[in-house]
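Inspection log for the structure reproduced underneath, given as structure tokens.
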Amino acid sequence: MKNPLRKRFKRDLKSNKGRYFAILLMMTVTIAIMSGFLAVADGAQKVLNENRADCKLEDGSFTAVKKISTAAQAETEKLGVSVYENDYVNEKLPDEATLRIYQDREQINLVTVIDGKSPVNKNEIAVDRLFAESYGLEVGESLTINEVPMIITGLISVPDYSALFKNNSDLMMDSFHFGVGIVSAGVLQSFPANEIVMDYSYYFDNRDLTEKEKRNLSTDIKDKLVDNGAILTSFVTAENNQSISFIDDDMGSDVPMMKVFLSLIILIMAFVFSIVITSTIETEAPIIGTLLASGYTKYELIRHYITMPIAVTLVSAMIGNIIGYTMMPDFFKGMYYGSYSLPPMDIELNMEALLLTTVLPIAMMIGINFVALYRKLSISPLNFLRKELKKSKNRRAVKLPNVSFFNRFRLRVIIQNKKSYITLFVGIFLASFILMFGLVITPMISHYVDSIKQSAVSDYQYILKGPVEPENPGNAEKMTFSALETYYSPAGKNIEVSFFGLREDSDYFDDLPISDDEKGGYLSDGLAKKLGAKPGDTLDFVNPYTDKEYSIKVIGITDYPGALTVFMSQKQLNELLDRDSSYFNGYFSDQELTFTDKNSLATVITPEDMSKFGDQMLSSFKQMAPLCLFAAIVIYLVLMVVLTKLVIDKNALSISFLKVFGYETSEIRKIYLKATTLVVLGSLLLCLPLVNLGIQGCFLIVQMKLSGYLPVYIPMYLYAEIVAIGMASYFVINFIHMRRINKIQLSAALKNRE
Amino acid sequence: MEKKNEINTAFFSVKNIEKSYGTGSAKVKVLDGVSTELYEGEICVILGPSGSGKSTFLNVAGGLESIDGGSITIDGQDISKMDPKSLGRYRRDKLGFVFQFYNLIPNLTVKENIEVCAYLSKNPLEIDELLHTLGLWEHKDKFPNQLSGGQQQRCAIGRALVKNPALLLCDELTGALDYKTAKEILALIEKINQTYHNTIIIVTHNEPIKNMAHRVLKLHDGRIVKDYVNETQLSAKDLEW
């Protein structure tokens, strides 16, 4: 005979359909998001790894002032490495975009054609798929390159530009203003010689090297090149090349974050279920007492009460996974393909995701509810029959302040339901955090871009390849620029820091007390925050091309959000870099400068460049905001409907009694609903500082991925928005509860025989 | 019944049982050296004022509460020495409980409520037959809230009986019922006793119920002040109060 208690499940489901639907909805949505995300992340990782292997991704690259000698290449290759010439030109396109054009690769960083075909003729070009989409190019269109119209034959991806970083020191990739193109053999030679960048890729012969061995070998390669007369302008390992490794870092933190998010939601739902079950046990205490007295064992009852949470979780897992694999991949693929240049991927069944979205939730549900049930059912049958469910009888009532009767009543309701309210608080915190994360990105980036523009010292910063005078110096001010690296321990890697050597009486930095006699420098506040440095500290830097090390004392910190920067006296910097005191290689200028030899110009930075960064960041995160808003509202609604309904259910008899005594419905609402309203409002307000802390902590992780420093900025109106969205969600539930209270009959009290 | 008394050993026997609540100066002795014996198939009514210890007696007899001293033997087994697990098994196999409040499962029908305890037994009674005996056949598919108090109590009795327990313990089973319904329930108990020969202990405030018992115990301040065989047993339908 099957246990007849199981017949309760269907009826319980029917009579509490709202509660179970809400829980099912929340868990299904969470599992669908998780399963879809993990399947896509896994697919992306797999296609990335396969593509890197198939397309022979470089292990590092370097650029040189001129073509390296055959001898230098031969000597270097003796170290166990193959060196490939991989030259390019940076072609300016309208709207401040740059297309980096390579010759079709045959030996290293091979091209994957996504749509169309590779260029064959000299007036053909294939462009990166992501750049084409962002910039608005299509196969068959014509693009003017080197003053010649070229037909776009195909859309491609290349393994060395999975993230479109123009410069390795850029804060963010920028697919709107930077892309990669491939032309057929020989076309590159038609560009002016001074525009061709001598770029090389190297590839280790031994494919089984450890990370440490790879790093050491890269250092040896660099040394060997320098020893053999190569003048390097950049040298970067694949690990430190943001165009290659940024996606790994990004996925490396996204996946664990999503796993934590899933675990938290399931944990909360397991607690919600345990509270629901505990409340049911309290209601059914005499029945349980009778069943125990009749010979039912504790474990039979645990099995009975734990079945529903497991069943709901199992159904959520099934529906969630089906949705996750059918409807969600396109959304998450959109997120990856909208940010990264990846070859097409296939979604396969991911065993880890399946375990995480089925076994883990069920295990958590069983674990938490078993403990709750075991504790709750550990009292004697007699105590159940007497409804004496508290282990300690001597618990004294909490003494309340001498406030009005209604307030004391409300406080009693809050104390009675503290477990529900605590769980609600945790849920509100989580939902508010998700909501804040979704809402804060846009204002934070806009604020950052605005502050960069506002604090820009000059309209133009020119970085030159050497000391060159402009044709129209005007009020331009000479400076020395150098890019050194320092170790950033949270990310476990070196980051690039810009060094500016300034005149003592700089017109552009008149607030900075630069002195030629003072050793050390002023750190931009972003750099100081990122490194945790303060005045008086000494920081170590290294020149990545010469391995020469420098120690710089921190004199002070200055407000300069544009980059990770050290400002110091030009004289001191020149001395540090073993340059003449008159050396300079850059200008600050409020007017555009012209140089006779355009080849002497390395980089021009304008404040507008930063808005490009803003566009890209906003584009990368644009899908986050609605997703976060949806997730947060679902969490708010589900937790509020389930947990606050328990308060009404638990007190249905008391509410009925109050009606018998002559209380009006509005007065009853003031007691029971206002208590919940106050808790919801209090939770929303109380969790705001915690949300703030959470966001700060979360952006600490984001900072690790960024090569710059993005200050956390949370405008005050966002706090108000969160409280407003939370309260709006609550008032929907409150309305349902009002109707529920109205429906409670006086007869419930009159029929009560206990 | 008289004959049975002479030839059988006691089915239910308590010897010098003691039970106290509280400690120190607040210690209250609720059962103080209680001893008695019942034979198989007897109906025993336990009377006494509030606080006399009658409910506690029923609870310790059912293994719901432990005793401080003495012994309780039911069908040859000393339940006072059993661990909680064995007690649970014992209750499952041998005992049926009926309480003043019916404690029916609200979302199970009458028949299903009875099946809940049938599930516990290897040889349960035929449920449909029992429903006829209980007068619940036409209500078998109703939920508890669709029944009168008397019908609910019938269902609770059916639930306790379906295991065909050797010992049926009833705590104020008519306490929540009106006169007419209470008499119907007592008549049902009598019928069950005659049909299934279960030993039945009824704890009640209601003095006239003693008249339907084979044996009557009166408790006062935890002690038995009267323990006698009722020679002038009345049928339940003839009880008056």
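Remark on chain A: ratio of C-alpha radius of gyration to 2.2 N^0.38 Å is 1.20. Taking a label point 7 Å from the Cα of A:Ala193 along the Cα→Cβ vector, which residues of region A:56-95 have an amide N closer than 17 Å to it? Once the point is set 7 Å along Cα→Cβ of A:Ala193, A:64-70, A:87-89 turn out to lie under 17 Å by backbone N, inside region A:56-95. Site pair B:Glu40 and A:Asp208 shows an inter-label distance of 8.1 nm when each label is modelled 7 Å from Cα along Cα→Cβ. Interface of B with A. Using a 1.4 Å probe and counting protein heavy atoms only, the two chains hide about 2500 Å² of accessible surface, both sides summed. Relative to its Kirkwood radius, the Cα radius of gyration of region A:633-754 gives an Rg/Rh of 1.20. Provide the net charge surrounding A:Asp590, with neighbours chosen by a C-beta distance below 11 Å and charges set as Lys +1, Arg +1, Asp -1, Glu -1. Summing Lys and Arg as +1 and Asp and Glu as -1 gives -4. Lysine pair count for region A:329-410 with Cα-Cα distance under 19 Å and sequence separation of 8 or more or different chains is 5. In region B:1-139, inverting the average of 1/r over every pair of distinct C-alpha atoms gives 17.5 Å as the Kirkwood radius. Summed over the residues of region B:1-107 and divided among them, the accessible surface reaches 44 Å² per residue at a probe radius of 1.4 Å. Rounded to whole Å, the principal axis extents of the Cα atoms in region A:359-509 read 98, 48, 26, largest first. Peptide B:87-93 is shielded by partner chain Cβ atoms: per residue, an average of 4 of them sit within 10 Å of its Cβ. Of all beta bridges that DSSP places with both ends in chain A, some 75 percent have antiparallel geometry. Distances longer than 17 Å among the Cα atoms of region A:267-344: what percent of all pairs is that? Counting pairs separated by more than 17 Å, the tail of P(r) holds 64 percent. Here the calculated FRET efficiency for B:Ser20 and A:Val359, from their Cβ-Cβ distance with R0 = 60 Å, stands at 0.75, rounded to the nearest 0.05. In this rough spin-label picture, where each label sits 7 Å from Cα along the Cβ direction, the A:Val260-A:Phe406 distance is 4.4 nm. Using a simple spin-label model with pseudo-atoms 7 Å out from Cα toward Cβ, A:Asp511 and B:Glu231 lie 11.4 nm apart.
The B:Asp238 and B:Ile127 beta-carbon pair, evaluated with R₀ = 30 Å, returns a calculated FRET efficiency of approximately 0.45. If you add up the charges near A:Glu147, with Lys and Arg at +1 and Asp and Glu at -1, over every other residue whose beta carbon is less than 14 angstrom from its beta carbon, what do you get? Computed value for this residue: 0. Compared with the dominant principal axis of the Cα atoms in chain A, helix A:716-743 is inclined by about 20°.
The charge dipole of chain A, taken about the Cα centre with unit charges on the Cβ atoms of Lys, Arg (+1) and Asp, Glu (-1), comes to about 8880 debye, rounded to the nearest 20. For region A:573-711, taking the reciprocal of the average inverse distance between every pair of different Cα atoms yields a Kirkwood hydrodynamic radius of 22.3 Å.
Estimated at 0.36 nm per residue, the fully extended path between A:Thr538 and A:Lys418 surpasses their Cα-Cα distance by 38.0 nm. Estimated from helical segments only, the mean residue ellipticity of the protein assembly as shown at 222 nm is -15500 deg cm²/dmol, where each DSSP H run of four or more residues counts as -39500 (n - 2.57). Among the protein heavy atoms of the protein assembly as shown, carbon and sulfur supply 54% of the accessible surface, probe 1.4 Å, non-protein parts ignored.
Annotation: per residue accessible area for region A:109-154 equals 47 Å², rounded to a whole number [probe 1.4 Å, protein chains only].
Accessible surface of A:Asp578, taken over heavy atoms with a 1.4 Å probe and every protein chain present, rounds to 110 Å².
The contact residues of region A:1-40, meaning those that lose at least 50 Å² of 1.4 Å-probe accessible area when all protein chains sit together rather than their chain alone, are A:Met1, A:Pro4, A:Arg8, A:Arg11. Placing +1 on the Cβ of every Lys and Arg and -1 on the Cβ of every Asp and Glu, with no other charges, gives region A:545-593 a dipole of roughly 180 debye about its Cα centre.
The values are calculated or read from the model by the stated rules, or taken from the named source; none is laboratory data. Keep in mind that this is a model prediction, so the values were computed, not measured. Virtual Cβ from ideal backbone geometry, glycine too; neighbours counted across all protein chains shown. Remember, those area values only see protein heavy atoms, side chains included, never the ligands or the DNA or RNA. Shrake-Rupley method; radii C 1.70, N 1.55, O 1.52, S 1.80 Å.
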